[in-house]
Amino acid sequence: MAANLIDSLLELKVQVPSLPEPADEKELDALRVKYLGKKGIVSLLSQGMPSVPKEQKPEAGKLLQEVRTGIEQMLERARVKIRREKIQREIEQEFFDISLPGANPGFGARHPISAVMEEIVDIFTGMGFQVEEGPEAESDYYNFEGLNFPPEHPARDMQDTFHLTEIEMLLRTHTSPVQVRAMEKYGPPLSVIAPGKVYRCDADITHSPMFHQIEGFTIDKKVTMGDLKGTLQTFIRRLYGADTKIRLRPSFFPFVEPGAEMDVSCVICGGKGCRVCKHTGWLEILGAGMIHPNVMKSSNIDPEVWSGFAFGMGIERVAMLKYGVDDIRLFFENDMRFLRQF
Ligand code: DAH
């Protein structure tokens, strides 16, 4: 029996190289089952192992392994060959019409809000401002208190705040908190431009619950309202063209004194009067002013030594005027017919 097993294995070993080559996957599978399957020839032979005398076991074991590996290698070579032939056949049968027009993948482009934001940031970095960012989930301190909004002050109500009650934070209602953060971080002298998202509980055709602002400020010795006006004029001329005029009107914001709102001559009618400027010739574009001494003090800056100006504007409004868009929601609906126009 033992001699028989070794003989049978030797015989099989000799046969393996001349086994018929399988022509397709089906034949390949059949061959695999026949030799290597659970009830296949190799497994049947291996059942004879226990009765092989001890001294012949190593030889029988080695042979069995050789036979199994030999068959496996043969099957693998056949599998690769069958597959290669199949691909070759497919390539030959395929017809490729090189005259068909290609499918247009469609190129993406910068969102108009991002484009305007980058343009504004560029103008200010060109004037020496450094870019800073702050968190959108903000503390009451940075959003209000540090900006000279006393507790219970009615000015807090002007900003329809989203409160994150569980963590006693809020969604920042403006980018002004970055003023306080940057003053604390760097100290004066300092010129910062801070773009970002802000949130207010408010929605109609000119208000979105999320929108973008850019804040800017300069602190140095002897900074005046004249510096503010000159900086803003340079900015507006670069943004809307050299003919654009500006004017400052007195206004109130807790974190500046004096405070102002800035108008630009209507970018649609050039100041003659039209529907967009409600026939005034002017468009309100940003808030600004001289940084309030209390704001400086809360960041440990001595207002007797340093002075500064600040301004803040909504990007959507700037973009709406620049592109003549009359509904803010268009910016956030991501309708390709709208976005493709930029
Ligand atoms: N933070 C103000 C707002 O969101 C805008 C603003 C007004 C910013 C005056 C300023 C400023 O820096 O000086 O309405």
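The values are calculated or read from the model by the stated rules, or taken from the named source; none is laboratory data. In this text the structure is predicted, and so the values were computed from the model without any measurement. Cβ: placed from backbone, ideal geometry, glycine included. Neighbour counts: every protein chain shown. Accessible surface is based on the protein model in full, side chains and every heavy atom, while ligands, DNA and RNA are left aside. Shrake-Rupley method; radii C 1.70, N 1.55, O 1.52, S 1.80 Å.
Brief remarks on what is shown
- Single residue of the stretch 275-288 satisfying the filter (open to solvent by 20 Å² or more (accessible area, probe 1.4 Å) and hydrophobic (A, V, I, L, M, F, W, C)) that is farthest from the ligand (Cβ to nearest atom): Val276
- Whichever residue in the stretch 302-335 is more than 16 Å from the ligand (Cβ to nearest atom) and β-branched (Val, Ile, Thr) and, among such residues, is surrounded by the most Cβ atoms within 10 Å (Cβ to Cβ): Val325
- Qualifying residue in the stretch 235-242 (condition: within 11 Å of the ligand (Cβ to nearest atom), surrounded by 17 or more Cβ atoms within 10 Å (Cβ to Cβ) and at negative phi): no
- Subset tally (residues that are assigned to a helix (DSSP H, G or I) and in contact (Cβ under 8 Å) with a residue 24 or more places away in the chain) for the stretch 120-140: 6
- For beta carbons closer than 8 Å, sequence separation of 6+ or different chains, a first residue in the stretch 204-228 that is part of a loop (DSSP other than H, G, I, E, B) and a second that is open to solvent by 70 Å² or more (accessible area, probe 1.4 Å) and at pLDDT 95 or above, the qualifying pairs are Lys221/Pro189.
- Of all residues in the stretch 153-179, those satisfying the criterion of being assigned to a helix (DSSP H, G or I), in contact (Cβ under 8 Å) with a residue 12 or more places away in the chain and within 11 Å of the ligand (Cβ to nearest atom) are Ala155, Pro177, Val178, Gln179.
- Selected residue (criterion: modelled with the lowest pLDDT) from residues of the stretch 180-203 that are assigned to a loop (DSSP other than H, G, I, E, B) and more than 10 Å from the ligand (Cβ to nearest atom): Ala203
- Hits in the stretch 17-48 - residues which are of a type outside the set (A, V, I, L, M) and in a loop (DSSP other than H, G, I, E, B): Pro20, Glu21, Pro22, Asp24, Gly37, Lys38, Lys39, Gly40, Gln47, Gly48
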